[in-house]
Amino acid sequence: TLQNALRSTSPLIILGFARLISTSSVNYQVHVGEYGVHWNFFFTLAAVAILTFIINVHPNYCGILGSLILIGYQALLLCGLNKYIMSEERKPDIFSQNKEGIFSIFGEDLS
């Protein structure tokens, strides 16, 4: 259930907020092009763990689903998502502020 997923990922979520608060409080320079303004690797790990609880796939179909996600994500990157992720333009909403980190849940384009 979602409650179990949140309980098991709570250490990652706590670490994510602890990192966010500690880096903000000491004015530590964080490169926003890596994960965004507020996002960090702990949030990505927690999000992936929660998604695996929500999307419960039989092991026989994991390869197929992974391939479909890979192909779909790469197609979206080629159709312009890459330009959006790489652009420095940020709207004031939380999604736009953390677009790099949110999209890193699905994978990263190395080109």
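The values are calculated or read from the model by the stated rules, or taken from the named source; none is laboratory data. Given the structure is predicted, the values throughout are model-derived calculations rather than measurements. Positions of Cβ are generated from backbone atoms using ideal geometry, with glycine treated the same way; all protein chains shown enter the neighbour counts. Remember, those area values only see protein heavy atoms, side chains included, never the ligands or the DNA or RNA. Shrake-Rupley method; radii C 1.70, N 1.55, O 1.52, S 1.80 Å.
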Note down all Cβ pairs under 8 Å where the first residue falls in the stretch 88-109 and is under 18 Å from TYR73 (Cα atoms) and assigned to a helix (DSSP H, G or I), the second is among the aromatic types (Phe, Trp, Tyr) and open to solvent by 70 Å² or more (accessible area, probe 1.4 Å), and they're at least six residues apart or on different chains. LYS99/TYR84; ILE102/PHE95
Answer yes if at least one residue in the stretch 67-89 is open to solvent by 100 Å² or more (accessible area, probe 1.4 Å) and within 25 Å of SER8 (Cα to Cα), and no otherwise. no
Looking at this structure, is VAL26 farther than 18 Å from PHE95 by Cα and either touching a strand residue (DSSP E or B) at 6+ places or on another chain (Cβ under 6 Å) or not aromatic (Phe, Trp, Tyr) (or both)? yes
